[in-house]
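Values quoted throughout were computed directly from the atomic coordinates according to the rules given, and no laboratory measurement underlies them. Please read these numbers as outputs of a predicted model, since none were measured by experiment. Note that each Cβ is placed from the backbone with ideal geometry, even for glycine, and that neighbours are counted across all protein chains shown.
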Amino acid sequence: MYMVLFVLDDPEKLNDVLDGWDKIGVSGVTIMESTGINRLRRARQIGSPFMAGINRLMSGDQEMHYTLMTIVRDEVIVEKCVESIEAIVGDLSEPNTGVLAAWPLEYIKGVQPEGD
C-alpha cells in the first residue's frame, strides 16, 4: 500500500481533482487547507503578520493550497492518481501546478485502501 500526498496549488481545481480520483476508485481522501513558506513570506512582505492577514481578508485573496492525502493499494493506482491530476492541472514539473509525493507503507491499520 502507498500513501499519496498532493499539494494542489490552485484551490479552484479541488473538486475536479477529487472527481478525477473518484473516477479511478480513490474516494477516501483527507483534505487540509495549507500554505507554503513562500506564500507566507510574500504575505509578510506587505506588513506585519496581523496586517497581512487583514490585507488578505480585505482583498479576498486566498493565499492557500489544499493538501490531499490518501492511501492506495499499489503503485499502479499511484500512477493513475498522477495521470488524473495532470489532466486537470497540467504537468506537475511546471510551476504553480502542485507537488505530489508517494511512498510505500510498511504498516497500516484501520483503513481499507481505495482504488481496488
Length gained, R73-M1, 0.36 nm per residue minus C-alpha separation, equals 25.5 nm
Between the modelled labels at A101 and E83 (7 Å from Cα along Cα→Cβ) the distance in nm is 2.5
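Among 2-11, 27-36, 101-110, how do they line up by average Cβ neighbours within 10 Å per residue, starting with the highest? Could the numbers behind the result be given before it?
Values: 2-11: 18.2, 27-36: 13.0, 101-110: 8.9.
Ranked from most to least packed, the peptides come out as 2-11, 27-36, 101-110.
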